[in-house]
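The values are calculated or read from the model by the stated rules, or taken from the named source; none is laboratory data. All figures in this text were calculated on a predicted structure; none of them were measured in a lab. Here Cβ is always computed from backbone atoms with ideal geometry, including for glycine, and neighbour counts include all displayed protein chains. We work out accessible area using only protein heavy atoms, side chains counted, and drop any ligands, DNA or RNA first. Shrake-Rupley method; radii C 1.70, N 1.55, O 1.52, S 1.80 Å.
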Amino acid sequence: EDKVVQSPLSLVVHEGDTVTLNCSYEVTNFRSLLWYKQEKKAPTFLFMLTSSGIEKKSGRLSSILDKKELFSILNITATQTGDSAIYLCAGKVSGTYKYIFGTGTRLKVLA
Amino acid sequence: EAGVVQSPRYKIIEKKQPVAFWCNPISGHNTLYWYLQNLGQGPELLIRYENEEAVDDSQLPKDRFSAERLKGVDSTLKIQPAELGDSAVYLCASSLGQFPYEQYFGPGTRLTVT
């Protein structure tokens, strides 16, 4: 059965800290991994990773994929209170538009 | 560009009542998804459409849930009759049928069944 597991389930840090969120996957015919940020509304897209070892960056956020070890990490440096959200990762099945979501990591950044 | 539109945003009903949710995807997106998200959980796929065809409905509880996307654009998800355990957020998402494939989510409908 396809599954995506995220850790930790929740995390509380202080502003300025750096955090690393983990996502491991077992997805049949894996094609790509996506990261989303979900605040009070719908998930918003952050990154899509298809190739191993290539880091994607957007401001203070960065992510990398390891297709050999079947995991991805999302790093957030110099965290701010606005980073408080649930971070979801999802594995995409090749040849389909099917995504398997993890349960998310709830991040809370304290001022 | 308008995003994915969902309505209503919130719905409170009594158990055994019917309820319907509506979704209008981003223009040109041929793939539409309905997800259920329970508190503290990731979205779980209920049904996926490619144009007007339901191509993956294996997680849809067909005894009480139904969905349609008659013209391959907007879609309706219905529950009849609703049960207490159906309380959740129902998310609609859409994507292009080509790279980069990412989904765009609507704001969701928060359903409370009392």
If residue B:32 satisfies every condition in (1) away from chain A (no Cβ under 14 Å); (2) in contact (Cβ under 8 Å) with a residue 24 or more places away in the chain; (3) not aromatic (Phe, Trp, Tyr) but one, which is the exception? (1)
Matching residues, the stretch B:35-66, being open to solvent by less than 30 Å² (accessible area, probe 1.4 Å) and out of contact with any Cys (no Cβ under 9 Å at 6 or more places or on another chain): B:36, B:37, B:43, B:45, B:46, B:47, B:48, B:49, B:56, B:60, B:65
Working carefully through the options B:74, B:56, find the one that is out of contact with any Phe, Trp or Tyr (no Cβ under 8 Å at 6 or more places or on another chain) and among the acidic types (Asp, Glu). B:56
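Got a sec? Which strands (runs of 3 or more DSSP E) wholly within the stretch A:37-100 have at least 1 residues that are open to solvent by 50 Å² or more (accessible area, probe 1.4 Å)? Write out each step before concluding.
On the way: elements: A:44-49, A:56-58, A:61-66, A:71-76, A:85-93.
Passing ranges, in order: A:44-49, A:56-58, A:61-66, A:71-76.
Give me the residue from the stretch B:60-92 that is assigned to a strand (DSSP E or B), small (Gly, Ala, Ser) and more than 16 Å from residue B:9 (Cβ to Cβ) and, out of that set, farthest from the other protein chains (Cβ to nearest Cβ).
So the first thing to find is which residues in the stretch B:60-92 are assigned to a strand (DSSP E or B), and the list is B:65-68, B:75-79, B:88-92.
If we keep only those that are small (Gly, Ala, Ser) too, we end up with B:66-67, B:75, B:88.
From the residues that got through so far, the ones that are more than 16 Å from residue B:9 (Cβ to Cβ) too are B:66-67, B:75.
Working: B:66: 21, B:67: 16, B:75: 15 Å.
Of everything passing the filter in the stretch B:60-92, B:66 is farthest from the other protein chains (Cβ to nearest Cβ).
Hey, could you check the stretch B:67-77 for residues that are among the charged types (D, E, K, R) and exposed (fewer than 15 other Cβ atoms within 10 Å of the Cβ) and say which is nearest to residue B:21 (Cα to Cα)? Show your work before the answer.
Start the filter on the stretch B:67-77 by keeping residues that are among the charged types (D, E, K, R), which leaves B:68-69, B:71, B:74.
With exposed (fewer than 15 other Cβ atoms within 10 Å of the Cβ) added as a condition, the list becomes B:68, B:71.
Values: B:68: 11, B:71: 17 Å.
If we take residues in the stretch B:67-77 being among the charged types (D, E, K, R) and exposed (fewer than 15 other Cβ atoms within 10 Å of the Cβ), then B:68 is nearest to residue B:21 (Cα to Cα).
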How many residues of the stretch B:93-114 are within 9 Å of another protein chain (Cβ to nearest Cβ) and surrounded by 17 or more Cβ atoms within 10 Å (Cβ to Cβ)? The answer is 10
